[in-house]
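To start, the structure under review is shown below, and the notes come after it.
Readers should treat all values here as calculations from the given coordinates under stated rules, not as data from a laboratory. Values in this document were obtained by computation on a predicted structure and should not be read as measured data. Neighbour counts run over all protein chains shown; Cβ positions are idealised from the backbone, glycine included.
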Amino acid sequence: MKRRHFLKSAATAGAATMILPEVRLFGAGAPNNKLNIALIGTWGRGEAHFNAISTENVVALCDINEEHLDFGAKRFPGAKKYVDWRKCLDQKGLDAVVCCSLDHTHAFVSNWALNRGLHVYCEKPLANCVQEARVVRANYLKNRHKLATQVGTQRHAIENFNRVRELVLDGAIGTLERVSAWGNRQLPRPGYLPAAGEPPAYLHYDLWLGPAPYHPYNPGYFSGSSGMNCLQWNMFWDFGSGQVGDMGSHTMDLAWNAIDAGLPTSAEGKGDPFNPEVTPVKLETHFDFPANSWRPEIKVSWYQGGAMPESPTKVIDLNQIGHGAMFEGNKGTLIADFGSRILVPLGNRADLTYYKPRTPETVIPPLGGFQQQWINACKTDLKTSCDFEYSGNVIEMMLLGLVAYRVGKKLKYDPEVGRVTNSDEANALLSRQYRDGWTLDG
Ligand SMILES: NC(=O)c1ccc[n+]([C@@H]2O[C@H](COP(=O)([O-])OP(=O)(O)OC[C@H]3O[C@@H](n4cnc5c(N)ncnc54)[C@H](O)[C@@H]3O)[C@@H](O)[C@H]2O)c1
């Protein structure tokens, strides 16, 4: 049996029976079972993946900046080099892709990779509009019996995420009613950068634009430090979704991990006056979610850029928590940031007798390395914490909030079909126009 088929059939068997022991078959000492990985985006966030993927065979590198491509090639000298990710994904013998290119290419790369039978780790955010989120999630669901996916919300591995989930599920705040998440990063921009010179020879600017509408070259889009350059372009509608897809992906994950939600049935939003070029700095969006097996209907909200939920008590100033989440129940409130939490029992019935802490044996076990979880999943049971269903739902809700903000009224949403039932204007904003030659689901 060929190595690749062995990997795939082992993964399928794992998915069917859920008992495939991962370490014995695919331990670090089994070099033939290494994944053949393509890394797309070989500098910046891409570098943050060098160590994790160096345990595997990195056989392809792709970057539209040839200097960055050479930077990646110094670490992985045996890999083939590409400037166009579409050609890279057609390299024979690939098993998996790590995508660290720009937000407006994430859903494209992910769809193309899934369609070619490749496991995908995609940096956050998974999509740049509601339709992209739905297409990539649907593609994943079709392939989940054979492919592992993970969205790059690596903070999910912080054990505080587990403690927060336990407190909410186990009733430490009574019955859950409302959930909020917020972030205070503010990057005001006047508009797209003006034309300024020609792109340097090593930079394939047309490929950088990719499916996005044309905007003239300006070195300002490339002037950030490694791993932070996304802040130079992610506020512009055609390249990103501002803080919604940036810190919103991480911080809403802290909330989402504890609420077992699917998709909302409504969305509304308000914030800075609409700017057709730049996403809002100040924004708040609100959503209704149906009940599930352990909680009633809840309201979920996102706040950014100075908009904030109200603190349950004057002694806690939520503004001191830059990126946080708050869970309000009928007996108390839980406030958390990525690494810590505060439980605030409220009222004279909140004596905590209704809540039984877990024992060391019953706490949710640590996830371990976040990238490693995906690598293991590719080889064994295909299970990850932030797969394209979970993270696809989070980003679909967040991006629907931006649509509601633009339309300026409360939208009714049919999550089954992904349509707004009370606004044609909103439906037109669920998808994007792409430049000729670029196919979302190719
Ligand atoms: N998980 C996290 O904590 C985290 C942190 C930072 C950035 N990110 C995400 O990672 C992504 C990259 O962010 P960054 O700050 O490194 O951005 P960046 O602008 O520095 O781009 C990263 C690399 O991708 C290359 N690139 C751009 N377009 C490409 C394309 N079409 N094909 C191949 N390569 C391409 C760039 O030349 C660069 O080398 C963003 O989507 C961002 O949201 C995630």
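Roughly how many nanometres apart are two label points built 7 Å out from the Cα toward the Cβ at ASN330 and GLU310?
Taking the two extended label points, one gets 2.0 nm.
So for the chain, taking the charge dipole from beta-carbon charges (+1 Lys/Arg, -1 Asp/Glu), which of TRP294, GLY210, SER226 sits furthest toward the positive end?
The residue sitting farthest along the positive end of the dipole is TRP294.
Hey, what number do you get for the chain at 222 nm if only DSSP H runs of n ≥ 4 count, each worth -39500 (n - 2.57), divided across all residues, to the nearest 500?
Taken over the chain, the calculation gives -8000 deg cm²/dmol.
How would you rank LEU411, LEU343, going from fewest to most other Cβ atoms within 10 Å of each one's own Cβ?
LEU343, LEU411
How would you classify segment 278-317 from its alpha-carbon gyration tensor, with a ≥ b ≥ c the square roots of the eigenvalues: rounded for a/c under 1.5, else prolate if a/b is greater than b/c, otherwise oblate?
Oblate, because a/c is 1.5 or more while a/b does not exceed b/c.
About its Cα centre, what dipole magnitude does the chain give when the only charges are +1 on Lys and Arg Cβ and -1 on Asp and Glu Cβ, stated in debye to the nearest 20?
1080 debye
Charges on Cβ only, +1 for Lys and Arg, -1 for Asp and Glu, centred on the Cα centroid of the chain; of THR153, GLY418, ILE53, which one is farthest towards the dipole's positive end?
The listed residue farthest towards the positive side: ILE53.
What does the highest-first list of 128-137, 152-161 look like by mean Cβ count within 10 Å?
Taking the mean over residues of other Cβ atoms within 10 Å, the ranking is 128-137, 152-161.
Does segment 81-159 come out rounded, prolate or oblate by the C-alpha gyration tensor, with a ≥ b ≥ c the root eigenvalues, rounded set by a/c under 1.5 and, if not, prolate when a/b is larger than b/c and oblate if not?
rounded
For ILE364, ILE395, what ranking results if the residue with the fewest other Cβ atoms within 10 Å of its Cβ goes first?
Fewest-to-most ranking of ILE364, ILE395: ILE364, ILE395.
Percent antiparallel among DSSP beta bridges with both residues in the chain, to the nearest 5?
Looking only at bridges with both residues in the chain, the antiparallel portion is about 60 percent.
What FRET efficiency comes out for the pair LYS356/GLU67, r = Cβ-Cβ distance, R0 = 56 Å, nearest 0.05?
0.45
By its C-alpha gyration tensor, with a ≥ b ≥ c as the square roots of the eigenvalues, how is the chain shaped: rounded for a/c under 1.5, else prolate for a/b larger than b/c, else oblate?
oblate
Let's test the formula: R0 of 25 Å, r as the Cβ-Cβ distance of GLU297 and GLN372. What FRET efficiency results, to the nearest 0.05?
The value I calculate is 0.10.
Tell me, what HN-Hα J-couplings in whole Hz come from the Karplus equation 6.51 cos²θ - 1.76 cosθ + 1.60 at θ = phi - 60° for each residue of segment 238-247, using x for Gly and Pro?
6, 10, x, 10, x, 5, 4, x, 7, 5
How charged is the neighbourhood of GLU66? Take every other residue with its Cβ under 15 Å from the Cβ of GLU66, and add Lys/Arg as +1 and Asp/Glu as -1.
Charge balance near GLU66 sits at -1.
Quick one: Karplus J couplings for segment 304-313, per residue in order, coefficients 6.51, -1.76, 1.60, θ = phi - 60°, nearest Hz, x for Gly and Pro?
Whole-Hz 3J(HN,Hα) from phi for segment 304-313: 8, x, x, 6, 9, x, 8, 6, x, 8.
Connecting C-alpha atoms closer than 10 Å in a GNM of the chain, tell me which of VAL151, VAL363, VAL344 has the biggest fluctuation.
Evaluated over the chain, the most mobile residue of the options is VAL363.
Taking the Cα centre as origin and putting +1 on Lys and Arg beta-carbons and -1 on Asp and Glu beta-carbons, what dipole magnitude results for segment 88-165, to the nearest 20 debye?
Its charge dipole is roughly 340 debye.
Stretched out fully, how many nm does the piece from SER225 to ASP260 gain, at 0.36 nm a residue minus the Cα gap?
Length gained, SER225 through ASP260: 9.0 nm.
Given a Förster distance of 45 Å, report the FRET efficiency between ASP436 and ARG165 from their Cβ-Cβ distance, rounded to the nearest 0.05.
Approximately 0.50, to the nearest 0.05.
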